[in-house]
1. Applying 1/(1 + (r/R0)^6) with R0 = 25 Å to the Cβ-Cβ distance of residue 357 and residue 203, what FRET efficiency is obtained, to the nearest 0.05?
2. As a test question: what accessible area, to the nearest 10 Å², does residue 60 have when a 1.4 Å probe is rolled over all protein chains in place?
3. Can you give me the angle between helix 47-59 and the longest principal axis of the chain, using Cα atoms only, in degrees from 0 to 90, rounded to the nearest 10?
4. Using a ≥ b ≥ c from the Cα gyration tensor of region 156-237 (square roots of the eigenvalues), is it rounded, prolate or oblate, where a/c under 1.5 gives rounded and otherwise the larger of a/b and b/c decides, a/b for prolate?
5. Please compute the volume of the convex hull spanned by the alpha-carbon atoms of region 254-410 and report it per residue in Å³.
6. So for the pair residue 214, residue 341, with labels modelled 7 Å out along Cα→Cβ, what separation do we get in nm?
7. Given the protein chains as shown and a 1.4 Å probe, how many square angstrom of residue 268 are accessible, to the nearest 10?
8. Round to a whole angstrom and tell me the spacing of the C-alpha centers of region 146-219 and region 79-96.
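The values are calculated or read from the model by the stated rules, or taken from the named source; none is laboratory data. This is a predicted model, so every value here is computed, not measured. Ideal geometry is used to build each Cβ from the backbone, glycine not excepted, and the neighbour counts take in all protein chains shown. These accessible areas exclude ligands, DNA and RNA; they are computed on the full protein's heavy atoms, side chains included. Shrake-Rupley method; radii C 1.70, N 1.55, O 1.52, S 1.80 Å.
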Amino acid sequence: MIQQFATAFRGLAPFLRLNLAGGDLRPVAQALLALAGSEQEKEQDNANLWMNLATAFFAMGQHQTGLAIQAQALQMRQTYLLPALRQPARFRLLLLMVAGDIAENTPLDCLLEDCDIDLICHYATPELPLPAELPAHDAVLVAICDAVDNRPMLKMLAGLLRNWARPVINAPEHIPNTERSAASDLLQGVPGLLMPPTRAVSRDFLFALLSGAASLGEVFADCRLPLILRPVGSHAGRDLARIDDLAGLARYLEAVPAASFYLSRFIDYSDANGVFRKYRIALIDGQPFACHMGISAHWMIHYLNAGMYEDAAKRAEEESFMRGFSAFARRHAKALKAIWQRSQLDYVCVDCAETGDGDLLVFEIDHAMVVHAMDPVDLFPYKQEHMGKVKRAFENYLYGLYRARPAHVA
């Protein structure tokens, strides 16, 4: 295994697969680190090894170490090839990415395991967003997430890709539509869709709320307790909290030192038994596909800590949801279509729920969510079938682009 990571760029998928299987990444990272530090490897400038090592540290949650190692790799090379498992490749997709951890770019290799699509991962920099010569490719997918630091790069790429000779998937000018406040504005006024306004507020404003110098009505109309707060730029629920009263707000600010936060209203989406269900839906060229359903007694659901691995009844309910997804998709067809049309993204994921009134409650839209079929087959046998539908839909979308245009290398 170590030799595979030392010689070829592997992307995120094998590290995530090992994590989900309960494996320990530390021995892998330690062995790769020792190999990278050897005199022989130093002489070879093995960028693949350094990039794999960075991903291992990201997967272990060691962000700063991962960034430092990734920077070392990118000094050697900016473009990395993930060859299709099944060769010869039928399609070559260029992914435009930026330096950063797992949440910074669309982890498409996790979806497209075991396929005939070569992924060419190019890490753009402000100095060299697109080199004069890029590897041959059939389409470009902008994988860069919307973040404050990425806005200049997205703007730069928007100009460079405007007349690109190959199809551009998720055009960079539309990616800011996934920003939380922008998405909440975009999705207002859609029948059957509920996404409470989300606004960025400063730490000073929250302290003003505590002192009575400011009011929630200044944030947006009908803004009231309970609230949802999270730091701007946080991912995967980091420091996400429900605030029920001002005393809770004071405790939150004491514990979380961020300078700015996203604020929104909390919507209770539990059923009559107090159980919450959160869905992840992928929209591929406007067509919806079920990715997973997390079930929990707590409102803040993350699939990995929702007890899905431990509870067979939860898995059975998720299987029922995935098998009957067509009914869910018909029920929320107008809402899902509006998300696709208004976001203007060819591939986007939606984290959502259903309210007691039957509305689609949208928490987030993003093109950088992890979508995969890596859960243990013995526990989740049904996922292979349904996640296979997602993968085939994406593959067919790409093949359709290829058929629609004459072959040309940008």
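1. Working: r = 35 Å, r/R0 = 1.38.
Calculated value: 0.10.
2. 60 Å²
3. 20 degrees
4. Taking the square roots of the gyration eigenvalues as a ≥ b ≥ c, region 156-237 is prolate.
5. Enclosed volume per residue, from the Cα hull, is 180 Å³.
6. 3.6 nm
7. 90 Å²
8. Centre-to-centre (Cα) distance: 32 Å.
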